[in-house]
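What follows draws every value from the coordinates through simple rules; no lab data is involved. It should be emphasised that the depicted structure is a prediction, and the values quoted were computed from it without experimental measurement. Please note: Cβ atoms are built from the backbone with ideal geometry, for glycine as well, and neighbour counts cover all protein chains shown.
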């Protein structure tokens, strides 16, 4: 029995949609895990208090506003969901790198 050409194309399209959906799910899951790690690092920094904590709190708010504005502009320009997630993951990775650096506390003389 021969399968009509349209049915084969429809099956291929469904397979591609599933693949894209799975890839998007994986990206979103990784973003959630990475962001959770950064939240933990930020909480530790904020708990230490001082100038660094105040600076981090201000930076956190400004970064969130900037990221949201950039994501909105990208969506209006026609970016896909994958591209938006990629942008967020890049920012989260930069924050993890910055916050994960071991800093020795300064000693007062």
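Key figures for this structure:
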{"item": "Every pair of residues 6+ apart whose Cβ atoms lie under 9 Å, when the first sits in the range 48-59 and is closer than 18 Å to residue 38 by Cβ while the second is not in a helix (DSSP H, G or I)", "result": "48/105; 52/103"}
{"item": "Residue that is more than 21 Å from residue 33 (Cα to Cα) and within 14 Å of the chain's Cα centre (by Cα), where the choices are 70, 97", "result": "70"}
